[in-house]
Amino acid sequence: MFVFPYKLLPIFTPNLTFAGIGMIMKKKLIGYSLFFIALILGFWYFLFKDTDVLTRSTLLQRGVVKHFAFTNQDGLQFTNLDIAGKVCVANYFFTTCRGICPRMNNNMRKVYEAFKDNSDVMILSHSCNPERDSVPVIKHYADSMKVNTRQWVFLTGRKDSLYTTARFSYGIDDPKNAVNKIEDDFIHTQFFALIDREGNVRGGVYDGLKDDEVEKLISDIKSLLKEKPNHFVNGVFNN
């Protein structure tokens, strides 16, 4: 009589079965989690790869450059659109100034020399005495500076527009300094403003008479140059 060798059959217990299933599910869960993390990271990279999310400087944004339209040393209109995509430094002076202006523009020359021939950097020197500083006058002044006026631009225009830009865009003069009659108003400031590629006023108010602040400005310009143009500012699909 044949006896089935039941003792040779593998013995499965409920605890062993559940433990095995649990281990398999755990491995699958880890695999799925890693897959979704990779998917999210890939999507995030695709979304922001052309922006400055990874390279954006920590420099404070303290304002935005509003629309302006002035006249440059060559008699051509110069607007805020001409600085789009550029890192810019702005200041105010007047051609007959014998006080702070020569010292200030000598320090601005340090900025110019640091980024000479870099087409991504511009300097905007605005006249605060446009009644005197006509186009021929600022042209003569620009020529005396012996600089590339495509990179270092000298501007004149309407006094009220120039002063509004100084106070409400660049933030280099206190709006409380304004007086009722524009003909009695006068800005005489040694401060520089730093503008990023998107037209935002960044960093601090740099004292153009202090060597250490001019060096800080140069360092901050280098930081802004590392930022990519931000196409995400006005929406995901903004170009």
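A few comments on the model shown:
- Residue list for segment 175-213, filter: within 24 Å of T79 (Cβ to Cβ) and in a helix (DSSP H, G or I): P175, I182
- Scan of segment 93-109 for residues that are charged (D, E, K, R), exposed (fewer than 15 other Cβ atoms within 10 Å of the Cβ) and either closer than 18 Å to L217 by Cβ or in contact with an Asp or Glu (Cβ under 6 Å, 6 or more places away or on another chain) (or both), ordered by number: R103
- Counting residues in segment 197-208 that are over 17 Å from the mean Cα position of the chain (by Cα) and crowded, with 22+ Cβ neighbours inside 10 Å gives one or more.
- D74 satisfies every condition listed in (1) surrounded by 13 or more Cβ atoms within 10 Å (Cβ to Cβ); (2) acidic (D, E); (3) outside any loop (DSSP other than H, G, I, E, B) except (3).
- Checking T189 against (1) within 18 Å of the chain's Cα centre (by Cα); (2) surrounded by 14 or more Cβ atoms within 10 Å (Cβ to Cβ); (3) not charged (D, E, K, R), the condition it does not meet: (1)
- Of the residues making up segment 157-165, not a single one is under 19 Å from M108 (Cα atoms) and crowded, with 17+ Cβ neighbours inside 10 Å.
- Condition broken by I187, with the remaining ones in (1) in contact with a helix residue (DSSP H, G or I) (Cβ under 6 Å, 6 or more places away or on another chain); (2) modelled with pLDDT of 95 or more satisfied: (2)
- Just one of (1) in a loop (DSSP other than H, G, I, E, B); (2) modelled with pLDDT of 95 or more fails for P229. It is (2).
- Of all residues making up segment 119-144, the number that are without any contact (Cβ under 8 Å) to a residue 24 or more places away in the chain and not in a helix (DSSP H, G or I): 1
- When Y112 is tested against the conditions (1) under 22 Å from F186 (Cα atoms); (2) outside any loop (DSSP other than H, G, I, E, B); (3) of a type in the set (S, T, Y), the lone failure is (1).
- Matching residues in segment 145-163 - criterion: being outside any loop (DSSP other than H, G, I, E, B) and in contact (Cβ under 8 Å) with a residue 24 or more places away in the chain: M145, W152, V153, F154, L155, T156, K159, S161, L162, Y163
The values are calculated or read from the model by the stated rules, or taken from the named source; none is laboratory data. This one's a predicted model, so the numbers in the text were calculated from it and none came from an experiment. Cβ coordinates were reconstructed from backbone atoms using ideal geometry, including for glycine residues, and neighbour counts include every protein chain displayed.
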